[in-house]
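Only the coordinates and a few stated rules stand behind these numbers; no lab work does. What you are looking at is a predicted structure, and each value in this text was computed from that prediction instead of being measured. Note: ideal-geometry Cβ built from the backbone for every residue, glycine included; neighbour counts use all protein chains shown.
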Amino acid sequence: MTTILVITGIVCHLIIYYTYRNQGKYREGMLFAVLLPESALLDPEIQHIQQQYSKKMKVSNRWMIASYIPLIALHSWTTFQLLYYIWWLIVIIFWLTKPFRQSLQATMALKEEHEWYVKPKQEVNGQLVDDDGDEYWSNGFTYHNTNDRRVLVPKRIGIGETINTATRTGKIIMRSTISITLLSFIFISFMLIRSEFNSPILEILEGDTIAINYPMYSTNMFVEDIVDISLVNDYPKVKKINGEATKNFLRGQFNSSDLGKIKMYIFKNNPPYIEIQLKSGYVFYNDQDPEMTKQWYEELLLLHNSS
């Protein structure tokens, strides 16, 4: 898990870093996503902004490299490692783009001060206005122009197209994307925290029913459907179908090449395990306390033998 998270993190980190680092270079008539004449590059203030941007990007990059240390250090706590990784992705986007946003605003201010306009001014309501369109790119990567009815427009940063958030469709897409993303992050975070602090609970109910309660993955078994009950020191190799599989536990529906579909409710590397063979498949369960697992086994075995 740690290797996968670190590799994907490095890929995201490098893509964002090199995409924005290159915005400090004059390309296709733009600097920091602001249209400028090439002569503006000779201005000492523009050169100072470029120099400061390069320094800030290097400092931000060093901090982001240092942020891998907690990610690696949490390898024994999968839940907290995943939580750290999820919110780290949000921070990396904000942190690595912050110097760019600051440089963009400073460049736009200088452009207005020195009137470094590339396109001829257009007359609107009797007034000459700037037609470069920089004001529609407030942060360089989102576009908001009420006079443009296009939903998709070419990006100034990166490749492809972006959304015009001034259109009705653009607003719906942007708000939906942000809402779904944030809700997904919050939901995943909640599920991970719940999994870490809640364990499956085994109960014997009236009517000779055995219940294992765990959010989303609970199961009920009738004693009459039990073929055999064993106390084992190992469990089969499985692949997750629907459930939770971390370094510390397996919970939910799994598949085994030897036993077929299995419901797992176990703390890994914490024997013994109760193996319950049903007419319809297998269930594996253990308590975090090995002594409690043995007590449950004795109770379930007595229930099975008396049925």
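Listed by chain and number, the lysines whose alpha-carbon sits under 18 Å from that of Lys111, ignoring those within fewer than 8 places in the same chain, are Lys25, Lys119, Lys121. Ellipticity at 222 nm from helices only: DSSP H runs of n ≥ 4 in the chain, each -39500 (n - 2.57), divided by the residue count, give -15000 deg cm²/dmol. Dividing the mean sequence gap of close Cα pairs (under 8 Å, 6+ apart) by how many residues the range 197-307 holds gives a relative contact order of 21 percent. Between Leu303 and Ser257, what FRET efficiency follows from the Cβ-Cβ distance if R0 is 45 Å, with the result rounded to 0.05? It comes to 0.90. In plain terms, the chain is cut at each of the GluC sites (Glu not before Pro) found in a DSSP loop with at most 16 other Cβ atoms within 10 Å, and the longest leftover piece is 207-307.
Sequence-ordered 3J(HN,Hα) estimates for the range 181-197 from the Karplus curve with 6.51, -1.76 and 1.60 and θ = phi - 60° stand at 5, 5, 5, 5, 4, 5, 5, 4, 4, 4, 5, 5, 5, 4, 5, 5, 10 Hz, glycine and proline given as x. Between the residues Ser230, Gly9, Phe80, the greatest Cα displacement towards the positive end of the dipole of the chain, with unit charges on the Cβ of Lys, Arg, Asp and Glu, is found for Gly9. The count of lysine pairs in the range 201-306 whose Cα atoms are under 19 Å apart, excluding pairs fewer than 8 places apart on the same chain, comes to 16. Across the range 201-306, the volume of the C-alpha convex hull divided among the residues equals 94 Å³ per residue. Annotation: amide H-H contacts under 5 Å for Tyr143 (H modelled 1.01 Å from N, sequence separation of 5 or more, or interchain): Ile163, Thr165.
In the chain, the longest principal axis of the Cα atoms and the axis of helix 78-114 are about 10 degrees apart.
In a DSSP loop and with at most 14 other Cβ atoms within 10 Å, the trypsin sites (Lys or Arg not before Pro) in the range 233-304 are Lys237, Lys247, Lys279.
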